[in-house]
Amino acid sequence: MQSSLFRNNLLYGNHASGISLYQIDAAQPARDNQVLNNTIVMATDARWAINIQNASTGNVLRNNILFNQQSFRGSVAISADSLSGFVSDTNAVMDRFSVDGGDTRIGLAAWRAATGQDQSSIIATPAALFVNLAGNDYHLSATSPARDAGVTLATVPDDLEGAPRPQGPASDIGAYEVPVAAGPVQLTVTRAGTGTVTSTPGGIDCGSSCAASFASGTSVSLTATPAAGWVFMGWFGGGCTGSGACALTLTTATTVRATFSPPPVTITVIRAGLGSGSVTSAPPGISCGTSCSASFPSGSPVVLTATATGGSVFTGWSGGGCTGTSSCTLSPVSATTVTATFTLPTVALAVTVTGAGTGTVTSVPAGLSCSTACTASFAAGTSVALSAAPAAGAVFAGWSGACTGSGSCTVVLDQARAVTARFSRVFSDSTLTPLASVIRALHVTDLRTAIDTLRTRQGLAPFGWTDSAIVAGATVIQRSHLVEMRSAVAAVYTARGLSAPAWTDATITPGATIVRAVHIAELRAAVLALE
């Protein structure tokens, strides 16, 4: 069905759906239909009173009574793809709706916030609406909140029984129009929220007196005054709208509703961090970048969503009770500030120090400072300058990896990078002359220090040296010292999978082998070869 008019129907005791607008078989979706002034009362095992599915767009619901006696389902279930062009208002409903085709249920306030519809619809029970629900008499009672609560529609000039519409200041909601009553006419005021309503001429003072009788044809003006901290949102019923005075001429019993709400609250979003990104809200209002602050009805749910851009990373929320990196849902009753933090991605730079010499590598910007190995992360694209400072008895021998040579080292972190800094040992008396140079305590101390450095960087324990402290002028250089140094350095060769060096006087004979310059020179060469 498309572009059809459904009006003045009474549907009750249904066990399926009341009115369904959907696509079946190879037909088109049910689009651009008008559902006007119908009374639908569903059975206890029924589906939804109104069911709209399958991209059935452009449909209009007005002046309908939509009640459901089933424990979960309610007035209207609509699929998300059917919301385009959908209009619904001035209906008498229950507090049950669905925006996902009936899978889940929400209340009227959430329905209004999600769809923008039914802002002037009312929640009413069958006991208040009808003459006799149990007896299936669905005429409106004399005090029914549906009386004069609809809008007058040119396409619905009469009711189910042919009675003309309207017979009061506005058409009644539902399939039946209540005839004009003779004699005094009752005016009833209902309130949502906190505030007072008074009338001129007097009679209504609501709070205290929310109903009064007036002679038929009397012109009555109603004035709404919100309580402290509240706002008057507007009138509904009796032909009154807006937030000014409500002026009406009473010809039939009339009900007018005054709605008071807490004042709107402001949500402000702050974007923090060096990264870039945007934050949007549902319902719309915040689109930050551009609009980072907006007002929403007090207590209504607002969902904030953060989206990182330009390769940045969203690292989380703070404020408003929101944490983590998922969407931020809040229902503020006062001004609220939420911070969304975006950061630039980081890239790791690893530094390894090698060689028999010791020294320290530092970085600008700060983050790296190590004499063995260290890693630090910097924002992607950062240029990091590394400096190598040798310790006493060592020289900087050069870079490898992301840098080469022995000059300055600057690494651009467009991806993870690794740099090796090599420090070489400088030995005292760098040139030893066979049969001339005297082997001194300093020569042994230098070698032990270099060998221990190599062992540590290879993951080997420091060697347990005999005469751990070699004292110049006191400690006699012994054959055992030479044997220990050969053994200690050979272990490094073995750990690296290398063959140990060949030594002059491979067998050191106690009481016979003299420690000579060539022995020390060979050890030095073996150490430097491992750098």
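Tabulated results
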| item | result |
| --- | --- |
| Nearest-20 debye value, the chain charge dipole, Cβ charges on Lys, Arg, Asp, Glu | 1840 debye |
| Beta bridges per DSSP with both ends in the chain, % antiparallel, nearest 5 | 60 percent |
| Helix-only CD estimate at 222 nm, as mean residue ellipticity for the chain, using -39500 (n - 2.57) per DSSP H run (n ≥ 4) | -3500 deg cm²/dmol |
| Residue-wise HN-Hα coupling along region 368-379, computed from phi with Karplus coefficients 6.51, -1.76, 1.60 (Hz; x: Gly, Pro) | 10, 7, 8, 10, 10, 7, 7, 9, 9, 10, 10, 4 |
| Three-way shape call for region 5-140 based on the alpha-carbon gyration tensor, with the a/c threshold at 1.5 | prolate |
| Top positive-direction residue, dipole computed over the chain with Cβ charges, set L108, T249, G464 | G464 |
| Euclidean distance between Cα centres, region 258-296 to region 112-169, Å | 38 Å |
| Kyte-Doolittle mean at least -1.0 and Cα axial length at least 27 Å: DSSP H helices in the chain | none |
| Calculated SAXS-style log₁₀ I(q)/I(0) at q = 0.09 Å⁻¹ - the chain, Debye, Cα scatterers | -0.78 |
| Cβ-defined net charge surrounding L153, 10 Å radius [Lys, Arg +1; Asp, Glu -1] | +3 |
| Residues V364, V419, sorted so that the one with the fewest Cβ neighbours within 10 Å comes first | V364, V419 |
| Computed label-point distance, nm, for sites A127 and A366 using a 7 Å Cα→Cβ extension | 7.4 nm |
| Centre separation in Å (Cα based) which lies between region 474-531 and region 398-417 | 35 Å |
| Which of G18, L447, G275, positive extreme of dipole for the chain (C-beta unit charges) | L447 |
| From phi via Karplus (6.51, -1.76, 1.60), per-residue ³J(HN,Hα) for region 154-161 in Hz, x at Gly/Pro | 5, 7, 10, x, 9, 9, 4, 9 |
| Percentage, to the nearest whole number, of Cα pairs in region 185-261 over 15 Å apart | 46 percent |
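Laboratory data are not the source of any read-out in this text; all were calculated from the coordinates shown. Just so it is clear, the structure is predicted and the values come from calculations on it, not from any experiment. Every residue, glycine among them, receives a Cβ derived from its backbone with ideal geometry; neighbour counts consider all protein chains shown.
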